[in-house]
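Just so it is clear, none of the values below were taken in a lab; they were calculated from the coordinates. Small disclaimer: the values here were computed from a predicted structure and weren't measured. Reconstructed Cβ throughout: ideal geometry from the backbone, glycine too, with neighbour counts over all protein chains shown.
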Amino acid sequence: MKLILASTSPRRAEILRDAGIVFDICVPHIEEARLPHEAAGKMVARLAETKARAAAESSGEKNPAIIIGADTAVELDGEIFGKPRDAADAREMLSYLSGRTHYVVTGIYVLRLPDGAARSAVETTAVTFARLDQREIDAYVTSGEPFDKAGGYAIQGRAGRYIPRVEGCYFNVVGLPLARLYTLLGELGWRDDGPA
């Protein structure tokens, strides 16, 4: 059964490729805004479903397929951090996360076509940042790595040196909780047929 990833994230695609999972990409065009007073878990679940449904509609897929929608946010003290708007925003995010434990929350929604059966999950991982000084924050932002990443950092990149503790799924922090996704796919009848 064909898999379709409803995401522009190169990190999600890399996680699937590295796991030997064959898939296509269909980029959904949706508004990714937080609703007033929406909690992180509710927001990522809603956006993951919206992405999957938008991709299903735009793909025009007529054969059996499973669409994978995902959305990730960083949460600390009830504040949700998406992707930084600019360098100043990235510095502010990293200063706030410095020396503290935050939560990476990813919603996954898998939608089987043509029957519309679906499964969903929200995965939460606790991530502890070391205390960063201003020089480290400035150097990291100057590297360009914080941009296009929820919370303004990439655990699999340079920021990994500042993270002494992760409780939960590492792949969730990168952007796609692989083991949870694999379980959901199996529940919808997908089987790994090996290399294509």
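Using the crude model of +1 on Lys and Arg Cβ and -1 on Asp and Glu Cβ, and no other charge, please compute the dipole size for the range 107-183 relative to its Cα centre, in debye to 20.
Numbers: 9 positive and 8 negative charges, 34 e Å.
Here the range 107-183 has a charge dipole of around 160 debye.
Check which residues have an amide H placed less than 5 Å from A154's amide H, if you skip close sequence neighbours.
Under 5 Å from the amide H of A154 lie the amide H atoms of A159, each far enough along the sequence or on another chain.
What are the ³J(HN,Hα) couplings of the range 96-106, residue after residue, when phi is run through the Karplus curve with 6.51, -1.76, 1.60 and θ = phi - 60°? Round to Hz, x for glycine and proline.
3J(HN,Hα) across the range 96-106, in whole Hz: 5, 6, 3, x, 10, 9, 10, 10, 9, 10, 10.
Return the loop-located trypsin sites (Lys or Arg not before Pro) in the range 106-142 (DSSP other than H, G, I, E, B) with at most 11 other Cβ atoms within 10 Å of their own Cβ; answer none if there are none. Provide the component values of the computation, followed by the final result.
Values: sites: R112, R119, R131, R135; in loops: R131.
Here the sparse-neighbourhood loop sites are R131.
Amide H neighbours of A65 under 5 Å, at least 5 residues apart or on other chains, H built in the peptide plane: list them.
Counting only residues 5 or more places away or on other chains, the set is L113.
Applying the Karplus parametrisation 6.51 cos²θ - 1.76 cosθ + 1.60 with θ = phi - 60° to the phi angles of the range 74-83, what ³J(HN,Hα) value in whole Hz is obtained for each residue in order, glycine and proline being reported as x?
Taking θ as phi minus 60°, the curve returns 10, 10, 8, 6, x, 8, 9, 10, x, 7 Hz for the range 74-83.
With just the Cα atoms defining each centre, how far is the range 61-108 from the range 122-196? Give it in Å.
9 Å
Thinking of the range 1-66 as a set of Cα atoms, what percent of all their pairs are more than 16 Å apart?
Values: 1119 of 2145 pairs.
The answer is 52 percent, as a whole percent.
Taking Cα atoms, how many degrees apart are the long axis of helix 40-59 and the longest axis of the chain, rounded to 10 and kept between 0 and 90?
Here the helix axis deviates by roughly 40 degrees.
May I ask you to evaluate 6.51 cos²θ - 1.76 cosθ + 1.60, the Karplus curve with θ = phi - 60°, for each residue of the range 6-14 and list the ³J(HN,Hα) values in order in whole Hz, giving x for glycine and proline?
After applying 6.51 cos²θ - 1.76 cosθ + 1.60, I find 8, 7, 9, 5, x, 5, 5, 4, 5 Hz.
Looking at the chain, what % of the alpha carbon pairs are farther apart than 30 Å?
Values: 4073 of 19110 pairs.
Here the long-distance tail beyond 30 Å is 21 percent of all Cα pairs in the chain.
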